[in-house]
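**Q** Okay, handing you the structure first.
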Amino acid sequence: MPDGISEGEMLSRIRQARLDKLEELRARGVEPFAYSYGVTHLATPSAAEFEALGEGRGGEIAGRWAGRMVALRSHGGSSFADLEDHTGRLQAHFRRNVLGEELYSLIPLLDLGDWIGVEGALFRTRAGEVTIGATDLALLCKSLRPLPFGKVAQDAESGAAVTHSGLSDREARYRQRYTDLAVHPERREVFRARASVVSAIRAFLDGLGYLEVETPVLQPLYGGATARPFQTHHHALDRTLYLRIADELYLKRLIVGGMHRVYEIAKDFRNEGIDRYHNPEFTMLECYQAFADYETMMGLVEQLVLEAATAAGCGEELSYQGSRIHLATPFQRISFVGSLAEAIGADPITAPLSDLRASAEALGARDLAAADRGKLLDKLFGLAVQPALLQPTFVVNYPAFLSPLAKEKRGAPGVTERFELFAAGQEIANAFSEQNDPIAQRTALEEQAALRAAGDLEAHAVDEDYLMALEYGLPPTGGVGIGIDRLVMLLTDQPSIRDVIIFPTLRSP
RNA sequence: GAGCCGGUAGCUCAGUUGGCAGAGCAACGGACUUUUAAUCCGUAGGUCCUGGGUUCGAUUCCCAGCCGGCUCACCA
């Protein structure tokens, strides 16, 4: 290989054949890597326009289309190419006696994957397909490597669909996302839906008077969630900084400052395991509203999920991995403590730790020797209750010791004004009436700090600056965090978080 | 981190009870001016993930490693 990359002989030969074509094109005065092309029409909209015009008037739709050539069927003096742009595919028809010998003879020098521009007018072929009758052809970019375009054929005997090629190797799909996207338009659609969801959320919150803000990614102390952080070092300041695990404490400082409704949609980073529901960097929406409580935020979340579903192109009824999900509001509510008590047949708050441990082990949990009540309840909930929460469900009444940043529930000591939203067995959102009593907050954080001192790397630190902010006065505030990746998974029916994160974290090759 | 499964042509996969490595699509040459899985004729293409070991001989068996998937652990 000229570039020294060790590759298979076949790939090398395919690539060499394309390099030879490149030389041939240049010899003919054709630049294979163009600077621009004046596109006037898009594939799918122009075909729809053609259909709307009625027969005999297709020639009125004339101009220039550009896209990647994804199929080529050559018949000697006449050739058909499938052009794909971001709206879809459109066939182009090239004829020797229309293009002329010189231009037509470029067609054998084209390859699948090349970007081309086609000038002409739409017509309908005998076979009924809307097609560009090409009067000019421009090469916009020569592709040197073969893309694995798939073909779906019918097996002659069984009639079953047989897929040829395509890119199904998951590693290749994630590592070379550009290839995955290039040959699978439906995967581009997932990311388009994701963008629509995020835009809709912004529009929804902006419409409610929320202000979008940006808070630090690099933080001297990490907080707002229980998770292990990524750690880095600032050389000039010679100090350790952490990549944020949550935005929460900064956003609430802004509420102290009088910015009554704020939100942030941003990456958080958690140094934990990777699986189909977890990526080390992931996108979180957090929003905080002054004078609101968790009940207010519940209504906000219901509306927001419906807005997001609309943006993603699904209605209130959707299918996730074969299950029917109904997004109709109000979402069901269950009690954390109550549902857990029912599931394990004991009171989660008063049952001896040994009983809880035994229940958890009976459900398959391991390594529980050091687990305190909080960890055991969390584990038990995850095993015994959560998987059954298929339909959107607000879980309320979380124990206070699991929720150091939430206010105690009115009239119910020991539990907090907190909810989590679950759907398809996964946590989607987490919200509280935010703790605004600086004394109570200090007590809760100091309890966390004690756990931390005892070796719990996920426990909160005491953030003195945050406590100082609270002493200046945090008005009653409702706050919610929503995992955007998981919401998009749900709304686009994708099985893995890696299917909705465009470049997911992978081990080094 | 553990268990299971996998890595063979550019892609999707089959296969070798240990003995010259297979198909479809893609590619290359040729025919063909309305095809769309185009068709027809012909050709070529391999570090069987890597490194050790056993063996006359390893892509196949054994060990270790790398990478991935799933499950579990961890993890709001």
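All of the numbers you see were taken from the coordinates with simple rules; none came from a lab. Computed from a predicted model, the values in this text were never measured in an experiment. Heads up, the Cβs are rebuilt from the backbone with ideal geometry, glycines too, and the neighbour counts pull from every protein chain shown.
**Q** So what is log10(I(q)/I(0)) for segment A:411-478 at q = 0.13 1/Å, when the Debye sum runs over its Cα atoms only?
**A** Scattering profile of segment A:411-478, log10 relative to I(0): -0.50.
**Q** Calculate the tail of P(r) for segment A:272-333: the fraction of all Cα-Cα distances greater than 19 Å, expressed in %.
**A** More than 19 Å apart: 52 percent of the Cα pairs in segment A:272-333.
**Q** Another question, if that's okay. Please work out the Cα center distance from segment A:80-129 to segment A:229-249, rounded to the nearest Å.
**A** 54
**Q** What are the extents of the Cα atoms of chain A along their three principal axes, listed from largest to smallest and rounded to whole Å?
**A** 87, 54, 54
**Q** Please compute the length gained on full extension between A:Leu506 and A:Arg276, using 0.36 nm multiplied by the number of residues separating them and subtracting their Cα-Cα distance.
**A** Extending this stretch completely gives an extra 81.6 nm.
**Q** So what's the Cα pair-distance distribution over segment A:1-151, bin width 10 Å, in %?
**A** For segment A:1-151, the binned pair fractions read 11, 39, 33, 13, 3, 1 percent.
**Q** Still on this model: Measure nothing fancy, just the Cα-based angle from helix A:9-27's long axis to the longest principal axis of chain A, in degrees from 0 to 90, nearest 10.
**A** The two axes meet at around 60 degrees.
**Q** Another one. Label A:Glu342 and A:Asp206 with points 7 Å out from Cα along Cα→Cβ: what is the distance between them in nm?
**A** 4.2
**Q** Would you mind pulling out the separation of the Cα centroids of segment A:18-64 and segment A:447-502, in Å?
**A** Segment A:18-64 and segment A:447-502 have Cα centres separated by 50 Å.
**Q** What ³J(HN,Hα) values, in whole Hz, does the Karplus curve 6.51 cos²θ - 1.76 cosθ + 1.60 give for segment A:274-285 when θ = phi - 60°, with x put for Gly and Pro?
**A** 10, 8, 6, 10, 9, 10, x, 10, 8, 9, 10, 9
**Q** What residues qualify as long-range amide H neighbours of A:Ser74, i.e. H under 5 Å apart, gap of 5 or more or another chain, H built at 1.01 Å from N?
**A** For A:Ser74, whose amide H was placed from the backbone, the distant partners under 5 Å are A:Phe80.
**Q** Compute the signed sum of charges (Lys and Arg +1, Asp and Glu -1) over the other residues within less than 13 Å, Cβ to Cβ, of A:Met489.
**A** -1
**Q** Compute the Rg to Rh ratio over segment A:455-502 from the alpha carbon atoms, using the Kirkwood formula for Rh, and round to two decimal places.
**A** Radius of gyration relative to Kirkwood radius: 1.22.
**Q** Then there is this: Could you give the spread of the C-alpha atoms of segment A:67-139 along their three principal axes, from largest to smallest, in whole angstroms?
**A** 31, 27, 19
**Q** Can you give the Rg/Rh ratio of segment A:260-301, where Rg is from the C-alpha atoms and Rh is the Kirkwood radius?
**A** Ratio value, two decimals: 1.12.
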